[in-house]
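The next block holds one structure in the form of structure tokens; read it before the comments.
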Amino acid sequence: MARIAGVNIPSNKRVLISLRYIYGIGPAKARDICAVLGIADDKRVNQLSDDEILKIRELIDRDYRVEGDLRREVAMNVKRLVDLGCYRGLRHRKGLPVRGQRTHTNARTRKGKAVAIAGKKKVAR
């Protein structure tokens with residue numbers, strides 16, 4: 001297993017897929033990294049030489065903000081919005097969707113599991 005940016009990336013997968021295990025690197029950035037270093041798209045991590053792994057590690061450290069630094073930056077951005085008390089900050093604080101999605105139905109990912117309201121059943125008379 002290769003260790004890049006503090007993450008053990010799987011060695012039996014292609015380099016393009018394995019790089020995505022690093023927080024902050026998606027399909028486009030993984031493709032760019034491989035293109036800059038001249039690594040073939042179908043090459044697997046366990047086929048990489050130590051020199052190639054070192055080049056990947058150095059390129060990511062130098063040119064990309066990933067893992068801890070990126071997580072810290074995102075958390076600080078959210079904290080800034082919450083401290084300002086702006087609309088987006090209030091939505092973050094309440095745990096509701098921030099980007100204008102409906103909440104009458106759906107939004108279960110942000111709101112959590114539905115809670116039944118007591119005394120709502122119709123009484124048969």
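The values are calculated or read from the model by the stated rules, or taken from the named source; none is laboratory data. The structure displayed is predicted, hence computed values, not measured ones. Neighbour counts are summed over all protein chains in view; Cβ atoms, including those assigned to glycine, are modelled from backbone coordinates with ideal geometry. These area figures cover heavy atoms from the full protein model, side chains too; ligands, DNA and RNA do not enter into them. Shrake-Rupley method; radii C 1.70, N 1.55, O 1.52, S 1.80 Å.
Kindly check whether there is at least one residue in segment 94-102 that is open to solvent by 90 Å² or more (accessible area, probe 1.4 Å), in contact with a strand residue (DSSP E or B) (Cβ under 6 Å, 6 or more places away or on another chain) and either touching a residue at least 24 places away in the same chain (Cβ under 8 Å) or among the polar types (S, T, N, Q) (or both).
No, segment 94-102 contains no residue that is open to solvent by 90 Å² or more (accessible area, probe 1.4 Å), in contact with a strand residue (DSSP E or B) (Cβ under 6 Å, 6 or more places away or on another chain) and either touching a residue at least 24 places away in the same chain (Cβ under 8 Å) or among the polar types (S, T, N, Q) (or both).
Limited to segment 17-32, what total is found for residues that are open to solvent by 20 Å² or more (accessible area, probe 1.4 Å), touching a residue at least 24 places away in the same chain (Cβ under 8 Å) and not hydroxyl-bearing (Ser, Thr, Tyr)? Let's see the steps before the verdict.
Residues of segment 17-32 open to solvent by 20 Å² or more (accessible area, probe 1.4 Å): 17, 20-21, 23-24, 26-29, 31-32.
Next, only the ones that are touching a residue at least 24 places away in the same chain (Cβ under 8 Å) stay: 23-24, 29.
Among the residues that remain, those that are also not hydroxyl-bearing (Ser, Thr, Tyr) are: 24, 29.
Residues meeting the conditions: 2.
Tally time: how many residues in segment 7-30 are farther than 8 Å from Val45 by Cβ and either at pLDDT below 90 or among the aliphatic types (A, V, I, L, M) (or both)?
Residues meeting the conditions: 8.
For segment 43-60, give me each residue that is in a helix (DSSP H, G or I), closer than 14 Å to Lys13 by Cβ and either open to solvent by 80 Å² or more (accessible area, probe 1.4 Å) or of a type in the set (S, T, N, Q) (or both).
Selection gives Asn46, Gln47.
Considering segment 1-56 alone, what residues qualify as being closer than 22 Å to Asp69 by Cβ and among the hydroxyl-bearing types (Ser, Thr, Tyr)?
Ser18, Tyr21, Tyr23 - these are the residues of segment 1-56 that are closer than 22 Å to Asp69 by Cβ and among the hydroxyl-bearing types (Ser, Thr, Tyr).
Within segment 109-118, is even one residue surrounded by 10 or more Cβ atoms within 10 Å (Cβ to Cβ), touching a residue at least 12 places away in the same chain (Cβ under 8 Å) and assigned to a loop (DSSP other than H, G, I, E, B)?
Within segment 109-118, none of the residues are surrounded by 10 or more Cβ atoms within 10 Å (Cβ to Cβ), touching a residue at least 12 places away in the same chain (Cβ under 8 Å) and assigned to a loop (DSSP other than H, G, I, E, B).
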